[in-house]
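Only the coordinates and a few stated rules stand behind these numbers; no lab work does. Because the structure is a prediction, the values reported are computed rather than measured. Backbone-built Cβ (ideal geometry, glycine too); neighbour counts: all protein chains shown.
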Amino acid sequence: MRIIGTITRMQIQRASLKTGEKPLRRYDPAPLLSVPTLAVTPDGVFGAGADGTWIVDIHHRAHPETKNDDGLHGVSVGFTTHYEAMREHFGERIVEGCAGENIIVAADRMFTYDDLAGGVAIVSGDGTERVRLRVLQVAHPCRPFTGWALGKQVEPEELKSHLQFLDGGTRGFYCGAEESGTVNVGDQVALLHDPRA
């Protein structure tokens, strides 16, 4: 295993970030809730609330309005370097976590699907493995997020170039947990199989 970064933010989506009907759907990051601890399961994640209760993420299969019927969107991971690239492209509106990933990792480089395809492990500071994640696919960009990032309704001729920029993993990665475990801000993320080794 090779450590690639440290978790600096974790969050859950209490409700959908996209509202309205196509083609006028809107993106709003307000339902995101920052949490210090996530309970990660093969069905999705729960976030630790301030009062000690566990709050179900909308991508958990037990959520009544789940966005994870196919089981391929239970956990999502993003990187600070990807946010830096998005901020350079779109401006200061882009803050870490606004794209909705559950786990944000401080890293020193950008990552592609091929970099992460062998899976990742989340480990504690003393090296104890907490949970393994299969990296299933990139989080493909959407028109509502792109419009929100630009601060306006996006016309089709402008949309394509922004979607191309956001694709390929810039918007993060969808993962599935191989088992259940609890992870905390400050834990580290490691590649299980380093394609550059």
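Given [x] 66, 48, 39; [y] 57, 37, 30; [z] 49, 40, 29 as candidate values of Cα extents along the principal axes in Å, which corresponds to the one derived from the coordinates?
[z]
If you add up the charges near I103, with Lys and Arg at +1 and Asp and Glu at -1, over every other residue whose beta carbon is less than 12 angstrom from its beta carbon, what do you get?
Net local charge, I103 excluded: -2.
Normalised by the number of residues in the chain, what is the relative contact order in percent for Cα pairs under 8 Å and 6+ residues apart?
31 percent
In the Gaussian network model of the chain, springs joining C-alpha atoms below 10 Å, which of V138, V183, V95 carries the largest mean-square fluctuation?
Per the Cα network of the chain with a 10 Å cutoff, V95 tops the list.
What whole number of Å gives the distance from the Cα centroid of segment 77-121 to the Cα centroid of segment 12-38?
Distance between centres, Cα-based: 18 Å.
Add +1 for every Lys or Arg and -1 for every Asp or Glu among the other residues with Cβ under 10 Å from the Cβ of V138, and state the total.
Summing Lys and Arg as +1 and Asp and Glu as -1 gives 0.
Tell me the trypsin sites (Lys or Arg not before Pro) within segment 115-197 that lie in a loop according to DSSP and have at most 10 other beta-carbon atoms within 10 Å.
Sites meeting the loop and neighbour criteria: K152, R196.
Mind putting a number on the dipole of the chain about its Cα centre? Charges go on the C-beta only, +1 for Lys and Arg and -1 for Asp and Glu, and I need it in Debye to the nearest 20.
320 debye
Test of the criteria: in segment 46-91, which GluC sites (Glu not before Pro) are in a DSSP loop and have at most 13 other Cβ atoms within 10 angstrom of their Cβ?
Passing sites in segment 46-91 are E65.
Please list 3J(HN,Hα) in residue order for segment 153-164, calculated via the Karplus relation 6.51 cos²θ - 1.76 cosθ + 1.60 where θ = phi - 60°; whole Hz, with x for glycine and proline.
Values, residue by residue: 5, 9, 7, x, 5, 8, 4, 4, 5, 5, 5, 4 Hz.
In a shell of Cβ-Cβ distance under 13 Å around E129, excluding E129 itself, what net charge do Lys and Arg (+1) and Asp and Glu (-1) give?
-2
So which GluC sites (Glu not before Pro) in segment 98-197 are both in a DSSP loop and have at most 12 other Cβ atoms within 10 Å of their Cβ?
Qualifying residues, ordered by number: E179.
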